[in-house]
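Q: The structure's right below; bear with me while I get my questions together.
The values are calculated or read from the model by the stated rules, or taken from the named source; none is laboratory data. Everything quoted here is computed from the prediction, not taken from an experiment. For neighbour counting, all protein chains shown are included, and Cβ atoms are generated from backbone atoms with ideal geometry for every residue, glycine included. Side chains are part of the model used for accessible areas, which takes the heavy atoms of the whole protein and leaves out ligands, DNA and RNA. Shrake-Rupley method; radii C 1.70, N 1.55, O 1.52, S 1.80 Å.
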Amino acid sequence: MDLINVDNVTKVFKGGEGSVTALGGVSFKVPEGDFVALMGPSGSGKSTLLTMLGAMNPPTSGSVIIDGIDVYSLTAEKRADFRSEYLGFVFQQFQLIPYLTAMENVMLPLAITGKSNREQARMAKEVLEKVGLGGKEGRLPNQMSGGEQERVAIARAIVNEPPILFADEPTGALDSKNSEEIMNLFKYLNREGQTIIMVTHNQEFLAHVKRTIFIRDGVLDRSRHPDSRIAV
């Protein structure tokens, strides 16, 4: 079953000197449980596409359907609820609160769920163990390595058990050893059933993902899309 269906989306930015087309009619599908890399040169439209998939950037035309829901037919308030329920986000900069412990950072998305503090702490502890940080719940970000901070950020993104995890250059601030460890963690999460869409410029990571979507000048680079690699 297709969890995500992107149908002919365009994005045109209008400015004082005319308009710029960031996306020019992009269509593809992502099945549940997939692990997809979005790749393309700077300015290709991949970041615009990621924000569109993340329910943060309405297309000029076309539709984004996630789990049967037309995301941009929702009101802004309903779309915020949708993001909280369906989507987790991991960014290049870890964006951890420096004065909160690993446990407290991971608990942040749970604050609006109505769960008790004890239940929130249990869920945070469980997911920190899942990403390999068991026993480090009480550490502050500055007491952790870059790789450990990224694991905290990943734990925070998945603590609500969202069906989809978006990662925007998640290893951009890490050295090669930590980058490889984070990619292995993503592979583990994907084997556990997590659907992952990752923006990356690192060709080496393509060996870790199941499929790659190449974007150039706002459209799919079909010369790099053999049928076995992408559903379009």
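Q: With the structure loaded, tell me whether Asp168 is open to solvent by 40 Å² or more (accessible area, probe 1.4 Å), in contact with a Leu (Cβ under 7 Å, 6 or more places away or on another chain) and not hydrophobic (A, V, I, L, M, F, W, C) or whether it fails that test. Quick ask: steps written out before the conclusion?
A: Values: open to solvent by 40 Å² or more (accessible area, probe 1.4 Å): yes; in contact with a Leu (Cβ under 7 Å, 6 or more places away or on another chain): yes; not hydrophobic (A, V, I, L, M, F, W, C): yes.
Judged against the criteria, Asp168 is a match.
Q: Still on this structure, please answer the following. Restricting attention to the range 86-118, which residues are more than 17 Å from Glu148 (Cα to Cα), surrounded by 13 or more Cβ atoms within 10 Å (Cβ to Cβ) and not aromatic (Phe, Trp, Tyr)? It would help to see each step written out before you state the result.
A: First, the residues of the range 86-118 that are more than 17 Å from Glu148 (Cα to Cα): 86-88, 108-118.
Pick out the ones that are also surrounded by 13 or more Cβ atoms within 10 Å (Cβ to Cβ) and you get 86-88, 108-110, 113, 115.
Selection gives Leu87, Gly88, Leu108, Pro109, Leu110, Thr113, Lys115.
Q: For the range 131-154, give me the residue count where each residue is without any contact (Cβ under 8 Å) to a residue 60 or more places away in the chain and closer than 17 Å to Asn178 by Cα. It would help to see each step written out before you state the result.
A: From the range 131-154, those without any contact (Cβ under 8 Å) to a residue 60 or more places away in the chain are 131-149, 151-152; that's our starting set.
With the extra rule that they be closer than 17 Å to Asn178 by Cα, the set shrinks to 131-133, 141-149, 151-152.
Matching residues across the range 131-154 total 14.
Q: Pairs, please: C-beta under 8 Å, at least 6 apart or cross-chain, first residue small (Gly, Ala, Ser) and in the range 104-121, second at pLDDT 85 or above and surrounded by 10 or more Cβ atoms within 10 Å (Cβ to Cβ)?
A: Ala111/Gln120; Ala121/Met103; Ala121/Met107
Q: Quick one: which strands (runs of 3 or more DSSP E) sit completely within the range 1-74 and have at least 2 residues that are closer than 23 Å to Arg191 by Cβ and touching a residue at least 60 places away in the same chain (Cβ under 8 Å)?
A: On the way: elements: 2-15, 18-31, 35-39, 61-66.
Here the list reads 2-15, 18-31, 35-39.
Q: Tell me yes or no: at least one residue of the range 191-209 is surrounded by fewer than 16 Cβ atoms within 10 Å (Cβ to Cβ), part of a helix (DSSP H, G or I) and modelled with pLDDT of 90 or more.
A: So far as the range 191-209 goes, yes, one or more of its residues are surrounded by fewer than 16 Cβ atoms within 10 Å (Cβ to Cβ), part of a helix (DSSP H, G or I) and modelled with pLDDT of 90 or more.
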